[in-house]
Amino acid sequence: MKHLLSFLSAILVTLTFASCHPYEEWDDSAEGNFDALWTILDEHYCFFDEKDIDWNEVGQRYRARLVPGITQQELFVLCAEMIDELEDGHTNLISPFDISYYDQWWTDYPQDFDIRVLQEHYLGFDYKVSSGIYYKIMPNNIGYIYYPSFSSTIGEGNLDWILADLAVCDALIIDIRDNGGGQLTNIETFLRRFIHEPTLAGYIRHKTGPGHDQFSEPYPFYYYPAEVGRMTWHKPIALLINRSCFSAANNFAAIMKSLPNVTLIGSRTGGGGGMPFSAELPNGWGIRFSACPITDSLDRQIETGVDPTEGCEVHSLPQDFVLGIDPILDFALSHLSGQ
Amino acid sequence: MNRLVRILLCLVCLWASLSANADNSISADSVRTLRPVTSTYSVEYGAASTLDTYLSPLRYQGSTITLSGSWLKAMRQNPQRLIMAFDASIGLESQLSPARNSRLYDFSLDFSWSMMYRWRPIEHFQVGAGGGAALNIGALYLARNSNNPVSARASVDVTANAMASYSLHIGRLPVRLIDRVSIPMVGAFFSPEYGETYYEIYLGNYAGLAHCGWWGNHFRIDNLLAADISLGTVALRVGYHLDFSSGKVHDIVTRHTTHSLVIGLTHDSLNITGLDKSQNIIPAIY
């Protein structure tokens, strides 16, 4: 009986220790929420090394500004300023009264796009719309597609209709200016219509632990051509980009740039090469941050944007839009007509 | 010399015991042995809490509801000693964050089969111990998250199982107290890496998703304590169910606890006609 009790005690102790997988907890105070935010980013954010950010120093500097009696609004501003140090458009702090947003990736640059000018002076308010895509045949028999957001899910049937309508054209303009991103699965659906063989789209990696340098090996991922019977396009393409192309639109630009029949025209994209993850603080605020870097087909970082094709960087001046001129679109029409 | 005599006596006793068992088997074969299935169908409702650091560093709390079925039967090979059990359940949980502004849903399916060797140390009291296999699949869904809204769960385990039952009367009412415990010992389970998106898995990167499970990284204990109150041909089951699990792999910590009130019906069923006295009925629980 004594041995049995010893055996059972040993099992109980083993079970107790085995079941204790500790995890970090923070209280719902200004300090607790600040520490939770700092730690979540410290352990999960993926671009500390690329951006040469000393996160410990940043944390100490902002923690020194935590004062007793700090209000929720003041704490929000403090935390928002801290995460702005990451200079990352994918990083947001979300509270019931505000959402922080680092916007200098586009506000410090010319917009190079005016939707009204496009619709009025180039499309004549006469265009078709399908699956969130505007399309029309422009002068000189050039097809035009405007895809304003990759959040709009594209149907395969819709793409068939669009590309069938434009099939008679000699070249195609795909305009993704001001496209702030969306779902990566949408860019795959769209892009499969423009490739005729398996295409290396890029590399993806993820964090394997809380250390700043703990990353998986880059995993190459491929896109495959659309199924036989689907409408596809293999003639010249001009892809119009501007600084407000971000996240999935940035990925799309990077992949399109690797295709031989595609010319990128406009200005450098806004970047956003890290897939964002979400977490939350004890007070209920949400935090979104870049977690998984995606690189281009040569495994180059695209976090800070994708450049237009050499010799095809084009900007607009404020007076251009007043005069109803879109220099980037004009350049593309001229470039494709010349081909 | 005394020692040698003792060992010989033990061997003689063992031989006698085995012979007796063999005789019992022969005698049992001479009559038809019937093995009723003890079936239990229950609804479980209670409190749940969940931590999954892949989704959130915060522990969510809420409620759980589970529909479960349990089938126990004495085994053909040695019905006096061996019993087997099959358990299945489907559960749904809804939980809130500490700030109560975010909701987490947990869906799970559990299946397990076990075989136990049983003893009756005293009359009306039965204990059993053995092992089995368990399959658990499920998913956590946290709508507020962007590219990490789901944490899928899948595990296959070899389990250690134990049970005890005691039959008594409260007044003239027959009551059976029962306790069943299951603990996974080793197995395999699924987990993405620390910061891996399911999109990357969708793209085809399956490396590092399957893990060998043991107590150190994948611990779970499932305990049911119930009273079956006889109502004639069926019994009303009232009980308490604890399900606790804790895991850590790739620096992702998970912890899940439910405390549930169990209400169910249990009965013994035989798939025969023409029962007579020459038949020997051996239930799964005495």
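Observations on the model:
- Hey, A:LYS235 surrounded by 18 or more Cβ atoms within 10 Å (Cβ to Cβ), at pLDDT 95 or above and out of contact with any helix residue (DSSP H, G or I) (no Cβ under 6 Å at 6 or more places or on another chain) or not: no
- Matching residues in the stretch A:305-326 - criterion: being in contact (Cβ under 8 Å) with a residue 40 or more places away in the chain and closer than 24 Å to A:ILE255 by Cα: A:GLY305, A:VAL306, A:ASP307, A:PRO308, A:THR309, A:CYS312, A:GLU313, A:VAL314, A:HIS315
- Of the set (1) among the polar types (S, T, N, Q); (2) in a loop (DSSP other than H, G, I, E, B); (3) closer than 26 Å to A:PHE194 by Cα, all apply to A:SER316 but (3).
- Qualifying residue in the stretch A:279-300 (condition: closer than 16 Å to A:ASN179 by Cα, within 14 Å of chain B (Cβ to nearest Cβ) and open to solvent by less than 30 Å² (accessible area, probe 1.4 Å)): no
- Residues satisfying the stated conditions in the stretch A:194-209, i.e. of a type outside the set (Gly, Ala, Ser) and under 24 Å from B:TYR194 (Cβ atoms): A:TYR203, A:ILE204, A:ARG205, A:HIS206, A:LYS207, A:THR208
- All of (1) of a type outside the set (Asp, Glu); (2) open to solvent by 80 Å² or more (accessible area, probe 1.4 Å); (3) farther than 30 Å from A:SER278 by Cα hold for B:GLN126 with one exception: (2).
- Within the stretch B:53-83, considering residues that are touching a helix residue (DSSP H, G or I) at 6+ places or on another chain (Cβ under 8 Å) and more than 15 Å from A:PRO282 (Cβ to Cβ), the one farthest from the other protein chains (Cβ to nearest Cβ): B:PRO79
- Taking the criterion of being surrounded by fewer than 18 Cβ atoms within 10 Å (Cβ to Cβ) and assigned to a helix (DSSP H, G or I), the residues of the stretch A:136-170 that qualify are A:PRO139, A:ASN140, A:ASN141, A:GLU156, A:GLY157, A:ASN158, A:ASP160, A:TRP161, A:ALA164, A:ASP165.
- Identity of the residue in the stretch B:98-154, β-branched (Val, Ile, Thr) and modelled with pLDDT of 95 or more, that ends up nearest to B:ALA210 (Cα to Cα): B:ILE137
- Strands (runs of 3 or more DSSP E) contained in the stretch B:167-286 and holding at least 1 residues open to solvent by 30 Å² or more (accessible area, probe 1.4 Å), at pLDDT below 95 and away from chain A (no Cβ under 14 Å): B:173-190, B:218-230, B:252-269
- Criterion: open to solvent by less than 60 Å² (accessible area, probe 1.4 Å) and of a type in the set (D, E, K, R) - qualifying residue of A:ASP103, A:ASP108, A:ASP126, A:ASP98: A:ASP103
- Residue in the stretch B:96-121 that is nearest to the other protein chains (Cβ to nearest Cβ), counting only those that are surrounded by fewer than 20 Cβ atoms within 10 Å (Cβ to Cβ) and in contact with a Phe, Trp or Tyr (Cβ under 7 Å, 6 or more places away or on another chain): B:LEU96
- Test: residue in the stretch A:222-231 that is at pLDDT 95 or above, open to solvent by 20 Å² or more (accessible area, probe 1.4 Å) and within 14 Å of chain B (Cβ to nearest Cβ): yes
- The condition of being open to solvent by 10 Å² or more (accessible area, probe 1.4 Å) and within 14 Å of chain B (Cβ to nearest Cβ) holds for only one of A:SER258, A:SER244, A:SER216, that being A:SER216.
- The residues listed here are A:GLY305, A:GLY324; of these, the one that is crowded, with 21+ Cβ neighbours inside 10 Å, more than 14 Å from chain B (Cβ to nearest Cβ) and in a loop (DSSP other than H, G, I, E, B) is A:GLY305.
The values are calculated or read from the model by the stated rules, or taken from the named source; none is laboratory data. Bear in mind the structure is a predicted one, so any value in this text is a computation, not a measurement. For neighbour counting, all protein chains shown are included, and Cβ atoms are generated from backbone atoms with ideal geometry for every residue, glycine included. The protein model used for the area step is the full one, side chains on, heavy atoms only, and it has no ligands, DNA or RNA in it. Shrake-Rupley method; radii C 1.70, N 1.55, O 1.52, S 1.80 Å.
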